[in-house]
Amino acid sequence: MRWVDLERVEDMLTPEWIDSAREAMEKIDLAEDDESRRTVLRDRAKVWRDAKNILKHVMDQKCWYCETRNMRSDNAVDHFRPKSHYWWIAFDYKNMRFSCTFCNSRRIDREGGTSGGKQDNFPIEGTLAGTADDSLDDEEALLLDPCSYEDPPNLWFDETGRAVVNPVVAEDSKARKRVKESVRLYHLDFGPLTTLRRRRYLDVISACQAGDASRQTFLTTGDPIAAKLWWERVAQVRRLIDRASPHSAAARCAALGLKASSATAERALDVM
């Protein structure tokens with residue numbers, strides 16, 4: 001998970017989309033009961049479907065929760081706060097997230113013994129907002145939000161590809177709880193996903209080892225080809241940790257773990 005800047009989404013919204021979202025909000029505000037609201041949500045679903053390509057573009061077609069890029073999947077627009085309850089923000093782009101099927105829908109990995117999928121789950125602490133007049137600030141979401149700048153750093157990925165709490169906040173019981181809930185409901189412990197993150201981790205380690213060896217050759221012999229090879233490995237690590245790359249958060253964890261011992265990792269991180 002990497003931070004997603006919602007201002008980038010706002011900049012790409014068309015006047016037509018803004019008008020359609022505003023019209024849908026007015027319709028649902030006028031609905032007098034739950035059944036009427038469900039009708040508006042069903043009839044105006046095109047609003048979030050039309051926003052999907054914008055949401056997808058912002059993170060280079062990656063799921064905002066797990067960073068997977070799946071060109072052959074329909075994927076979905078997830079409402080961070082479920083539209084079934086928080087109907088008054090159902091058409092607000094600030095509540096929309098681009099999500100893969102495994103993060104958004106219930107799936108069971110029988111081989112790996114895991115299950116997950118956010119669906120309409122939204123665990124909170126505090127006072128649940130029940131109407132548009134209630135303040136969302138009285139709720140504390142227990143799911144990490146990629147659009148909240150301080151949330152993604154709570155997640156860490158170890159050398160096995162597992163999603164765990166960042167050691168920096170490991171003593172914070174609330175951070176541990178939020179990471180645990182997020183791993184469970186976003187299905188971040190899905191076996192094939194863990195394997196992809198482990199491979200990305202190994203890619204960083206391999207590039208750093210090759211880069212450090214080339215750098216040492218250059219320092220010893222002054223060979224310009226060795227210098228060139230070092231900079232190529234720095235660039236490779238830089239691409240792996242770039243937020244546009246799949247599973248870049250895991251790659252960044254690998255680079256941070258190597259920073260103290262690898263000049264290649266250190267230089268790649270310095271240009272972030």
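The values are calculated or read from the model by the stated rules, or taken from the named source; none is laboratory data. Keep in mind that this is a model prediction, so the values were computed, not measured. For neighbour counting, all protein chains shown are included, and Cβ atoms are generated from backbone atoms with ideal geometry for every residue, glycine included.
Quick notes
- Some residue of the stretch 57-65 being in a helix (DSSP H, G or I) and under 26 Å from I241 (Cβ atoms): yes
- Pairs are defined by a Cβ separation below 7 Å, a sequence spacing of at least 6 or placement on different chains, a first member in the stretch 135-162 that is of a type in the set (S, T, N, Q), and a second member that is assigned to a loop (DSSP other than H, G, I, E, B); the pairs so defined are S135/A129; N154/L144; N154/N166.
- Some residue of the stretch 166-187 being farther than 12 Å from C253 by Cα, in contact with a Cys (Cβ under 7 Å, 6 or more places away or on another chain) and outside the structural domain of T68 (by TED's automatic domain parsing): yes
- Matching option when the condition is under 30 Å from V58 (Cβ atoms), at pLDDT below 95 and in the same structural domain as G161 (by TED's automatic domain parsing), among R200, R243: R243
- Count - residues of the stretch 245-272 that are crowded, with 16+ Cβ neighbours inside 10 Å and either among the β-branched types (V, I, T) or over 34 Å from the mean Cα position of the chain (by Cα) (or both): 1
- R233 being free of Cβ contacts under 8 Å to residues at least 12 places away in the same chain, part of a helix (DSSP H, G or I), of a type in the set (K, R) and not assigned by TED's automatic domain parsing to the domain that holds W3: no
- Failed item in (1) more than 21 Å from the chain's Cα centre (by Cα); (2) modelled with pLDDT under 95; (3) crowded, with 17+ Cβ neighbours inside 10 Å, with G211 passing the rest: (2)
- Pairs are defined by a Cβ separation below 6 Å, a sequence spacing of at least 6 or placement on different chains, a first member in the stretch 63-81 that is on the phi > 0 side of the Ramachandran plot, and a second member that is crowded, with 23+ Cβ neighbours inside 10 Å and modelled with pLDDT of 95 or more; the pairs so defined are E67/H247.
- Members of the stretch 151-183 found to be of a type in the set (D, E, K, R) and either in a loop (DSSP other than H, G, I, E, B) or over 28 Å from I205 (Cβ atoms) (or both), listed by number: D151, D158, E159, R162, E171, D172, K174, K177, R178, E181
So that you can scan it fast, the table gives a plain yes or no per residue for (1) out of contact with any strand residue (DSSP E or B) (no Cβ under 8 Å at 6 or more places or on another chain); (2) exposed (fewer than 15 other Cβ atoms within 10 Å of the Cβ):
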| position | (1), (2) |
| --- | --- |
| F190 | no, no |
| V204 | yes, no |
| T217 | yes, no |
| T220 | yes, yes |
| R238 | yes, no |
| R243 | yes, no |
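- In this entry, R243 is excluded by the filter for residues that are of a type in the set (K, R) and not in a loop (DSSP other than H, G, I, E, B).
- Matching residues, the stretch 6-35, being loosely packed, with under 14 Cβ neighbours inside 10 Å and either not acidic (D, E) or not in a helix (DSSP H, G or I) (or both): R8, T14, P15, I18, R22, L30, E32, D33
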